[in-house]
Amino acid sequence: MFNEKLFFFFDDLEQGFIGSFVRDSLWLFPAIEAIHLIGLAILGGSVLVNDLRLMRLVLVNKSTIYVLDQTMKWFYIGLVVLVLTGVPLFLSEAIKCFYSRAFWIKISFLIIGIFFTLFIRNRLIRVEAKENFSLKLIGFISVFIWAIVAGSGRWIGFS
């Protein structure tokens, strides 16, 4: 459903200084995109290592809490890089994003992924005394959520 107020808000964002500056530069969008992808690799790597550990596919000789403690700083670094680069990328093509189903899926699952990671997955890792099927399931769900974020984010470029 078309939301006129939201459309004009997105249009104002795109016509703003940052959006225009990034859009009008020959090299700035690709440079920011490259850094954005590095942030994705950092965040995705931290999530994947943690979740594969939960599924008992890697680092089985390390405790789940140890792996969580070692990966969460990278999760936060990746998230900060993604937000700091994602905002100017969005501002440079906000109207395209407004019409892109992939954009709305990405943003929705990004929010779900952050909340799931911080408030469900991480808490369950710390609460569970021993490894069990529920931790494997949590790892699988987390990989699924973050794969949707990454895939839909990539799909924005094709929409």
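Return only the number of the condition from (1) closer than 15 Å to LEU43 by Cα; (2) loosely packed, with under 14 Cβ neighbours inside 10 Å that ASN61 does not satisfy.
So ASN61 meets the others, but not (1).
Based on this model, can you work out whether ILE32 counts as in a helix (DSSP H, G or I), exposed (fewer than 15 other Cβ atoms within 10 Å of the Cβ), over 12 Å from the mean Cα position of the chain (by Cα) and in contact (Cβ under 8 Å) with a residue 24 or more places away in the chain?
no
Test LEU59 against the criterion of being free of Cβ contacts under 8 Å to residues at least 12 places away in the same chain and within 30 Å of LYS130 (Cβ to Cβ), and give yes or no.
It is true that LEU59 is free of Cβ contacts under 8 Å to residues at least 12 places away in the same chain and within 30 Å of LYS130 (Cβ to Cβ).
Report, by residue number, each residue of region 108-159 that is surrounded by fewer than 13 Cβ atoms within 10 Å (Cβ to Cβ), β-branched (Val, Ile, Thr) and closer than 29 Å to GLU93 by Cβ.
ILE111
Would a scan of region 91-101 turn up a residue that is without any contact (Cβ under 8 Å) to a residue 24 or more places away in the chain and among the hydrophobic types (A, V, I, L, M, F, W, C)?
no
Considering each of ILE112, ILE42 in turn, give the residue that is out of contact with any Ser or Thr (no Cβ under 9 Å at 6 or more places or on another chain), more than 22 Å from SER159 (Cβ to Cβ), among the hydrophobic types (A, V, I, L, M, F, W, C) and assigned to a helix (DSSP H, G or I).
Testing whether each residue is out of contact with any Ser or Thr (no Cβ under 9 Å at 6 or more places or on another chain), more than 22 Å from SER159 (Cβ to Cβ), among the hydrophobic types (A, V, I, L, M, F, W, C) and assigned to a helix (DSSP H, G or I) leaves just ILE42.
Name the residue, out of LEU59, LEU6, LEU26, that is assigned to a loop (DSSP other than H, G, I, E, B) and within 26 Å of PHE103 (Cα to Cα).
The conditions single out LEU26.
Bear in mind that the values in this text are calculations on the coordinates, not laboratory data. In this text the structure is predicted, and so the values were computed from the model without any measurement. Using ideal geometry, Cβ is built from the backbone for each residue, glycine included, and neighbour counts are taken over all protein chains shown.
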